[in-house]
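Heads up, the thing below is written out as structure tokens.
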Amino acid sequence: MLTKKLSTLHSFLLLASRRAGHLARQQYDVIVVGGGHAGAEAAAAAARMGAETLLVTQKIHTIGVLSCNPSLGGIGKGHLVKEIDALDGLCGRAGDWAGIYFSILNRKKGPAVWGPRAQLDRQRYREFIQAELLGTPRLTVLEGSVEELQVTEPNPEEPGHHRVTGIRLANGSHQISARSVVLTTGTFLSGSLFMGQTTSPGGRIGDAPSSAGLSYTLQERLGLRVGRLRTGTPPRIVKDSVDFSLVEPHLPDKHPTPFSFLNTHVRCKPEEQLLCYLTCTTPGVERVVRESLHLNCHIQQDTKGPRYCPSIESRVLRFPGRAHQVWLEPEGVNSDLLYPQGLSMTMPPDMQLLLIREIPGMQRAEIHTPGYGVQYDFVCPTQLSPALQVKSTQGLFLAGQINGTTGYEEAAAQGLWAGVNAARWALSMPPLALSRTESYIGVLIDDLISRGVTEPYRMFTSRAEFRASLRPDNADLRLTLKGFEEVGCVSSLRYQEAVRVRDSLQEALAALQTLTLSAPNWTKKLPNIRISEVKTTSLTGVDLLQYRDVSFEMLASAFPECLSRFTEFSQRLKIEAVYRFHCELQKKEIERIQKEENMALPQDIDYFSLPVSLSQEVREILDRFRPSTLGAATRLQGITPAAIVNLLQYVYHTG
Ligand code: FAD
């Protein structure tokens, strides 16, 4: 079915682009600005919620483009992909369709921190996202550039508060109304590109920046605090020019693991997966970096660069004398190019060529497209609510790189949640928040809105306090049921599957729990297992499954009558058993935080006159960040436990 969709994609694109200026309606529930990773998920989620949605993006054929690395997932990021999929988002299924090298990172550690990851075929990924969006009911896609947001003047009863009413397109006065707008402009807001000593306006190579009018609306009309961030991308290398005898091949997993809970296998056959290669920098690389410094204005402005995707220039300057890893990654099944991960750079193109030729295997390498840097505006995310709505502007939602994050997965996760809430706002439903106790998406949003960013934010498993519970394997149980029953963004097909899985797991765990035997009797049943620690006490099947050498399949072959029908869930049951104890321990802490999350702090509190004992410094922090709940207040830097106790009393007395 998908193949048919993709084959008609071209005609769809023509049809859709012709729609510009001939829109069937001039009024939508939700308008999403930008068709990157945040915008695609936002538009699809809003339409799934039942809102008439318009996606406006500069170029329809760049919807779903991977601006930088051709990969999805990884440590922490893989969790986000699984959660987006559990909420019926697009990127997990797109990854399964476009993946050409699948691997689970961090395998040596526990399954809670495994990182599902895939190298992607760029073209297939983009085509999948475009086909999905163009085939989504209630979603119209329009090619155009948004010049300005339409907003009301501040309400005299609520000084400083605006309401968004729509957008105005560039090149003319075409205006389209909406009850809510989601801005996902990525690296395009006042974007400038850097290469050598040249700077030019742009959001990405080949693409113009977002118009100055949009920045003006955000800063001057809405009074939002805006900052500037930077990132960069490596040159793309001609595959045939690399000497593969001098680099180390790395194999993918033998059995690719799908991202999506709806898929049992991925499109690419295991044996058709491509290879990645590892090489590393030499002292010659460091020499070229130093020799070209005076020609490199991006690095001159800030030698540190972004911490989580640093350029080769900043890596070499910060850690001189070291050999830095360079991964050569395939860009697609029919692509002649390789992506050299670790070699993001902004020096002039002739110096880029000199640099890569100092690397083993790349002495004769050719560059197809040089690397470059980008600087762009982001909106300080502490000005957003947990629904990703701008606190001072009703109906305006922000998601993705515009909120100071980096990465497709972080963008897609915010996009989905902003799309859900923009639709809820438009359909007069109350906003919803995801807690950091139930999802990595909740952690991401809570970190952004309560702590803000000083450098591009990316997800890591260490950011999630409850990572034993927030595992990639159980994202469907955590979010699909809620997504259908409470949120409204999940299809009934996906919901029914999640219910089947939940019921089967519960049944299987109950069956394992009833299998209670003494240690010697277990040893008789499973002679290969040594149960040395507990000789006298009896053990249940769940206890036994926690042993490193015991698999569910072993138990099922010993007790086929009660367990064999659950072998489909062998790995999930093993993981459930292993984490049972940790999750039980975390339960109380989770309940405490959930209680605090439910204690809302009114957004119009005057913290300076609040009649409770708070230091001036604490009052200033609370006034600046305006946490929406007591939980969010506890995570603000500089807020003391004593201040929280006093705030708690205030909430009790007023609420
Ligand atoms: P984007 O994917 O940037 O999408 C924005 C979309 O909005 C585009 O489709 C654009 O056309 C559209 N748009 C913008 N303004 C308007 C307007 N006014 N009207 C209509 N449409 C508009 N990520 C990493 O994780 N690691 C890296 O090393 C890395 N390096 C990068 C290097 C470069 C040079 C670039 C450009 C990006 C890099 N990224 C990197 C970032 C990665 O591309 C983003 O994190 C991700 O794409 C963000 O998704 P997004 O949806 O927020 O924005």
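Every read-out reported here was derived from the displayed coordinates using simple, explicitly stated rules and does not represent laboratory data. From a predicted model like this one, the values you see are computed outputs, not experimental measurements. Counting neighbours? That spans all protein chains shown, and the Cβs are built from the backbone with ideal geometry, glycine included.
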Amide H neighbours of Q394 at under 5 Å, excluding residues fewer than 5 places away on the same chain, with H built from the backbone geometry, are H162, R163, V164
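Provide, for the range 26-134, the number of lysine pairs with alpha carbons under 23 Å apart, each pair being eight or more places apart or on different chains.
Lysine pairs meeting the criterion: 4.
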Net charge of Cβ neighbours under 15 Å - reference E568; Lys, Arg +1; Asp, Glu -1: -2
Which GluC sites (Glu not before Pro) in the range 134-209 pass both tests, a DSSP loop state and at most 12 other beta-carbon atoms within 10 Å? E157
Largest-first ellipsoid semi-axes for the range 525-595, taking √(5λ) over the Cα gyration tensor eigenvalues, angstrom: 27, 17, 9
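Residues with beta-carbon under 10 Å from that of C276, excluding C276: net charge, scoring Lys, Arg +1 and Asp, Glu -1?
Once positives and negatives cancel, what remains is -2.
Mean Kyte-Doolittle of at least 0.0 and a Cα length of 30 Å or more along the axis: which whole DSSP H helices of the chain meet both?
Passing helices, by number: none.
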Distance from the Cα centre of the range 339-358 to that of the range 583-655, in angstrom? 49
With the convex hull built on the Cα atoms of the range 525-655, state its orientation-averaged projected area in nm². 12.9
In order through the range 142-152: 3J(HN,Hα) via Karplus (6.51 cos²θ - 1.76 cosθ + 1.60), integer Hz, x for Gly, Pro: 10, 8, x, 10, 7, 8, 7, 8, 8, 9, 7
Note on the range 149-304: contact order normalised by length, alpha-carbon pairs under 8 Å, 6 or more apart, percent, works out to 15
Starting with the fewest neighbours, write out M362, M345 ranked by other beta-carbon atoms found within 10 Å of each beta-carbon. M362, M345
Gyration tensor on Cα atoms of the range 332-382, a ≥ b ≥ c root eigenvalues, a/c under 1.5 rounded, else prolate if a/b beats b/c, else oblate, says prolate
Quick one: which residues, 5+ away or cross-chain, put their amide H under 5 Å from the amide H of T369? H built at 1.01 Å from N. R236
Here, Q26 and F608, labelled 7 Å along Cα→Cβ, have an inter-label distance in nm of 4.5
Counted neighbours (other Cβ, 10 Å), sorted fewest up, put F128, F244 in the order F244, F128
Arrange the following residues from fewest to most other Cβ atoms within 10 Å of their Cβ: V285, V651. V651, V285
Relative contact order of the chain, please, whole-number percent, based on alpha carbon pairs below 8 angstrom and at least 6 residues apart. 16
Contact order relative to length for the range 544-589, counting C-alpha pairs under 8 Å separated by 6 or more residues, stands in percent at 37
Separation between Cα centres of the range 410-484 and the range 39-61, rounded to whole Å: 19
Hydrodynamic radius (Kirkwood) for the chain, which is based on Cα pairs only, to one decimal in Å: 26.5
Whole-Hz ³J(HN,Hα) for each residue in the range 251-265, computed from phi via Karplus 6.51 cos²θ - 1.76 cosθ + 1.60 with θ = phi - 60°, x for glycine and proline: what do you get? 8, x, 5, 5, 10, x, 9, x, 6, 7, 5, 8, 9, 9, 8
Loop sites in the range 491-566: GluC sites (Glu not before Pro), DSSP, at most 12 other Cβ within 10 Å: E533
Computed [θ] at 222 nm, deg cm²/dmol, the chain (DSSP H ≥ 4; -39,500 (n - 2.57); rounded to nearest 500): -10500 deg cm²/dmol
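Sum up the charges of everything whose Cβ sits under 15 Å from the Cβ of E286, counting Lys and Arg as +1 and Asp and Glu as -1, but leave E286 out.
Result for the local shell: +3.
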